[in-house]
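Written out below as structure tokens is the structure these notes cover.
Read-outs: derived from the displayed coordinates by stated rules, not from any lab. No experiment lies behind these values; they were computed from the predicted model shown. A quick note on method: Cβ atoms are made from the backbone with ideal geometry, for glycine too, and the neighbour counts reach across all protein chains shown.
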Amino acid sequence: MNEACNTIDGLDEFIALCDEYENEMNLEAARKLYRKSDFDCELCLHHIKQLGCPFKVCAYTPEKVCCECATLTAAIKYMIGEIHNDRFSERVYRYMPRRKKKRKKVELMLFYDPLHRIAFYNQYLKLNHQNAGLISAVYLLTADNELWKYVWKYVDRDSISFVKIKPKGLSPDAYILLCAAKDLYLGTEHISLSELADPVIVEKTTFCLVLNALGIRRFGYSYLSTK
């Protein structure tokens, strides 16, 4: 297999990519510079009349996400293009909606269920909104009700005390969520992208939740405002 197509496997490498992006672009400044109407495809220099855009993935996706005018599918496609891991990308595209298969159920989702949404937003109000790593970890921790009941007391505005979190009796899926949250927040290496791509290890709902957490870590909280 071509090594150039599998350059990122650990979440620590993905975090390094995210941090580099944050250093290059000030999200708050982008919101002040652009309006949603500025991202009309017909105004883009790459847009060709009657032919449309020649690119499969819009180069301005990060700015679109920041200004809350991007689709969930576009944000994920852009992120996957940066990750360069064939196995992970293959699994992501397996769940993407396809025009030729309109009847196929779309598996992409932003929250596991209403309880997840409520728990996350209740905690989000108390968090440092500039800390994408913290927000992405809390997103995963609130996805499992039993997990969140145990860990919520170790979460505050600016940090998560993972060293104090030693839960027992977690389900396999909850344990994966905990490991992924810890990796995204601390840069540890408990689970790799290749392991996440394995349906035997990670079932599809848990996979989609981790994928969204990667999106939050990559684009910030605005990822949850995608269409």
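Taking the Cα centre of region 114-215 as the origin and placing charges on Cβ (Lys, Arg +1; Asp, Glu -1), which of I160, N212, L184 is farthest toward the positive end of the dipole?
I160
For region 114-215, restrict the atom set to alpha-carbon positions and state the Rg and Dmax in Å.
Expressed in Å, the Cα Rg and Dmax of region 114-215 come to 12.6, 36.
Once you put a point 7 Å from the Cα of Y124 and another 7 Å from the Cα of T188, both along the Cβ direction, what distance in nm separates them?
Taking the two extended label points, one gets 2.6 nm.
On a full-extension model of 0.36 nm per residue, what is the gain between I201 and D12, subtracting their alpha-carbon distance, rounded to one decimal in nm?
Numbers: separation 189, 0.36 × 189 = 68.04 nm, distance 1.97 nm.
Separation in residues times 0.36 nm, less the Cα-Cα distance, equals 66.1 nm.
Give the order of M96, M79 when sorted by the count of other beta carbons within 10 angstrom, beginning with the fewest.
In order of increasing Cβ crowding within 10 Å: M96, M79.
Note down the net charge around L127, summing +1 for each Lys or Arg and -1 for each Asp or Glu among other residues with Cβ under 9 Å from its Cβ.
Taking every Cβ under 9 Å from that of L127, the sum is 0.
D156: net charge of surrounding residues, Cβ under 14 Å, Lys/Arg +1, Asp/Glu -1, itself excluded? Walk me through the numbers on the way to the answer.
On the way: positive: K126, K153, R157, K164; negative: D158.
Charge balance in the 14 Å sphere: +3.
Along region 216-227, what does the Karplus equation 6.51 cos²θ - 1.76 cosθ + 1.60 (θ = phi - 60°) give for ³J(HN,Hα), rounded to whole Hz, x for Gly and Pro?
Calculated HN-Hα couplings, in order: 5, 5, 7, 9, x, 4, 4, 4, 6, 9, 5, 7 Hz.
Near D183, within a Cβ-to-Cβ distance under 13 Å, what is the net charge of the other residues, with Lys and Arg +1 and Asp and Glu -1?
Details: positive: K182, R217; negative: D9, D12, E13, E189, E195.
That works out to -3.
Which FRET efficiency value, to the nearest 0.05, do you get for K168 and A59 by plugging their Cβ-Cβ distance into 1/(1 + (r/R0)^6) with R0 = 45 Å?
Between K168 and A59 the formula returns 0.45.
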